[in-house]
Amino acid sequence: MQYKRILLKLSGESLMGNKQFGIDADMVMQYAEEIKKAVEAGVQVAVVIGGGNIFRGIQATANGIDRVQGDYMGMLATVINSMALQSGLEKLGVYTRLLSAIEMKEIAEPFIKRRAVRHLEKGRVVIFGAGTGNPYFTTDTAAALRATEIEADVILKGTRVDGIYDADPEKNPEAKKFAKLTFDEALSKKLNVMDLTAFTLCRENKLPIIVFDMNKNGNLAKVLAGDAIGTIVNA
Ligand code: GTP
């Protein structure tokens, strides 16, 4: 395996599957199966999952909800998704620990970096819930922050698009995919790989980002084996 410790970022929206809202149990199990294969291959896996299938802070703000309040509601949504994924993984016999940035000790352990690392070393999948615990930060930023803290080798951003393109491939059939990019190229081309806070954290810490299609069976294993699918951004 190319990577020993990874942070897998999953979007909340993709958990909807074909539904308009909420959590599709088949999607949860599909992701859990992929993660299980990675663990069985000896990779230490940490996961950050978004909450957009349940609640989007920014959208709520547009509809009149206070921004800070909306962001906290979004963080709680990530905890719900994290719990669903934890449950899916446990169904497959994978050991997991859910660590939350907002204290809710009946449901999750508090986030403590050293504990997170210990769990990973013991082969447990660590799911980080509640983002960074602060408003005004995205789950991409939570992923970049946690990945840096646990000294992950790479952030794997699993999306429904198979990499980074020079235009939106869902709108423009002529869009061209990049195999690899430097951080500076991604910035100068304004490719919006992640929001700037998240991207800057990765860039400053020389933490590579791979964007790939997580919805295709076996893709996570391929990325971990070093196959050139998706797009890699590095220094
Ligand atoms: P090791 O020390 O490496 O053995 O880790 P461990 O997680 O197995 O040890 P611990 O005895 O701390 O935890 C046992 C179980 O309790 C695990 O499932 C933890 O996730 C859970 N746990 C520990 N602390 C908390 C907490 O504050 N809240 C909740 N909800 N669960 C917790």
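Every number here is computed from the coordinates shown, using simple stated rules; none is lab data. From a predicted model like this one, the values you see are computed outputs, not experimental measurements. Neighbour counts run over all protein chains shown; Cβ positions are idealised from the backbone, glycine included.
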Here the range 205-219 yields Karplus 3J(HN,Hα) values (6.51, -1.76, 1.60; θ = phi - 60°; whole Hz; Gly and Pro given as x) of 9, 6, 9, x, 10, 10, 9, 8, 7, 7, 7, 9, 3, x, 5
Taking the Cβ of Leu201 as the center, what net charge do the other residues with Cβ under 12 Å away carry, scoring Lys and Arg +1 and Asp and Glu -1?
-1
Excluding Glu109 itself, calculate the net charge of residues whose Cβ lies under 9 Å from the Cβ of Glu109, where each Lys or Arg counts +1 and each Asp or Glu counts -1.
+3
Hey, can you grab everything whose amide H is under 5 Å from the amide H of Lys157? Only 5+ residues off in sequence or another chain; H modelled, so Pro and N-termini drop out.
Lys9, Ile210, Val211, Phe212
Can you give the calculated 222 nm mean residue ellipticity of the chain, where each DSSP H run of n ≥ 4 adds -39,500 (n - 2.57) and the sum is split over every residue, rounded to the nearest 500 deg cm²/dmol?
-11500 deg cm²/dmol
Which of Gly52, Val154, Gly218 sits farthest toward the positive end of the charge dipole of the chain, with +1 on the Cβ of Lys and Arg and -1 on the Cβ of Asp and Glu?
Val154
Using modelled backbone amide H atoms (1.01 Å from N, in-plane), which distant-in-sequence or interchain residues come within less than 5 Å of Val125's amide H?
Tyr95, Thr96, Arg97
Between the range 180-235 and the range 54-119, how many Å separate their Cα centres?
23
Note down the relative contact order for the range 5-161 as a percent, whole number, built from C-alpha pairs under 8 angstrom at least six residues apart.
31
Alpha carbon convex hull of the chain, volume per residue in cubic angstrom:
121
Going through the range 51-160, which GluC sites (Glu not before Pro) have at most 14 other Cβ atoms within 10 Å and a DSSP loop state?
Glu103, Glu106, Glu151
Exposed-loop cut sites defined as trypsin sites (Lys or Arg not before Pro) in DSSP loop states with at most 15 other Cβ within 10 angstrom; longest site-free run of the chain spans 20-104
Amide H contacts under 5 Å for Arg5, placed H, 5+ residues apart:
Gln44, Asp153
